[in-house]
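Peer 1: Pasting a structure here, questions to come.
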Amino acid sequence: AASPEAKFTEEKVLWIKHHTPKLMTFAISRPESYRFSAGQFSRLGFRDGEGFIWRAYSVVSAEYADTLEYFAVLIEGGPMSARFAAMKEGDTILLDKTATGFLLPERFPDGKDLVMLCTGSGIAPFLSIIEQPEIWQRFDRLILAHSVSFADELIFRRRVEALKDHPLIGEYFHKFRFVPITNAGFKFTKADTRFMVCGNPAMVKDTFQALMDLGFAMHRNRIPGHIMMENGF
């Protein structure tokens, strides 16, 4: 069997930004061989005595970015949060060589509207997805609704607004709506609307049930539907 060291690389922390006492973003170096699809997550880790500590974090960066960016919520008493809180630029972090996850818009076979619903750090995979030109060419409308507890936690508003000047997707920006509340403000239809939901497990469960009550169905590989979801924190 391969040693644990054969399954990860050691990367450098390039920058760190603390947005609030609880919220932080950071970037690490990206190996040339590292591949992921927008919407997937990485396993990040640290050495812990004779073992390791690992957690999954969705990639915020676009697929074509030179670095890997992540968004973390610091949880009081959390062992990974303690590591992140003490982390400094230039430190080393471990990166599992394989990206994982199935929150991928290409899994939907059809649809005109892509509605992305998220809470807290659940916005991370969608920030990557909306930097992919293909998604803007495929859907007529893209709606990103981000729910947070406090106004100062809406830390990505400027980043999202800056997409209008993005060299690859700026021409499609008129298709986009960012909604920092829970109501997207237009009619959902089974024929045209597809939902991707990511956030804390309770929010994902409640949203899924609400959409099921409206007649929407879970999307599965062999049974096309309207909803894909993933738990995030």
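Peer 1: Explain nothing, just the number: relative contact order of the stretch 132-233, from Cα pairs under 8 Å at least 6 residues apart, as a whole percent.
Peer 2: That works out to 25 percent.
Peer 1: State the answer as a single residue: which of I123, G111, M229 lies farthest towards the positive end of the charge dipole of the chain, with beta carbon charges of +1 for Lys and Arg and -1 for Asp and Glu, about the Cα centre.
Peer 2: G111
Peer 1: Using a Gaussian network for the chain with springs between C-alpha atoms less than 10 Å apart, which of these wobbles most: F156, F41, F216?
Peer 2: Most flexible of the set in this elastic network: F156.
Peer 1: Could you give the Stokes-Einstein D for the stretch 63-188 in µm² per second, using the C-alpha Kirkwood radius, 25 °C, 0.890 mPa s?
Peer 2: The estimated diffusion coefficient comes to 148 µm²/s.
Peer 1: Helix 201-213 against the longest principal axis of the chain: what's the angle in degrees, Cα atoms only, rounded to the nearest 10?
Peer 2: It works out to around 20 degrees.
Peer 1: Do the sum for the chain: with -39,500 (n - 2.57) for every DSSP H run of n ≥ 4, divided by all residues, what is the mean residue ellipticity at 222 nm, to the nearest 500 deg cm²/dmol?
Peer 2: Helices in the chain give a 222 nm mean residue ellipticity of -4500 deg cm²/dmol.
Peer 1: What percent of all Cα-Cα pairs in the stretch 1-76 falls in each 10 Å bin, counting up from 0?
Peer 2: Pairs per bin, as whole percents: 16, 48, 31, 5, 0.
Peer 1: Near K175, which aspartates and glutamates are there with a Cα under 20 Å away, not counting those fewer than 8 places off in the same chain?
Peer 2: E106, D110, D113, E131, E134, D140, E161, D165, D192
Peer 1: When only Cα pairs under 8 Å and 6 or more residues apart are kept, what is the percent relative contact order across the chain?
Peer 2: 20
Peer 1: Of P79, F41, G215, which is farthest on the positive side of the dipole of the chain, counting Cα position, with +1 on Lys and Arg Cβ, -1 on Asp and Glu Cβ, and the Cα centre as origin?
Peer 2: G215
Peer 1: Using a Cα-Cα cut-off of under 26 Å, which lysines could be cross-linked to K22, ignoring same-chain neighbours fewer than 8 residues away?
Peer 2: Within the straight-line limit of under 26 Å, K22 reaches these lysines: K12, K88, K205.
Peer 1: For the stretch 1-133, just the Cα set please: Rg and Dmax, both in angstrom.
Peer 2: Spelled out, the Cα radius of gyration and Dmax of the stretch 1-133 are 15.3, 51 Å.
Peer 1: Also, quick follow-up: Can you pull the Rg over Rh of the chain, Cα-only, Kirkwood?
Peer 2: The Rg/Rh ratio comes out at 0.97.
Peer 1: So, one more: Suppose a student asked you for the relative contact order of the stretch 38-175, using Cα pairs under 8 Å spaced at least 6 residues apart; what percent would you report?
Peer 2: It comes to 26 percent, rounded to a whole number.
Peer 1: Given 0.36 nm per residue, what is the gain on full extension from D48 to E5 after removing their alpha carbon distance, in nm?
Peer 2: 14.1 nm
Computed from the coordinates by the stated procedures, all read-outs in this text should not be read as laboratory data. Worth saying up front: this structure is predicted, and the values here are computed from it rather than measured. Glycine gets a Cβ as well: all are built from the backbone with ideal geometry, and neighbour counts include every protein chain shown.
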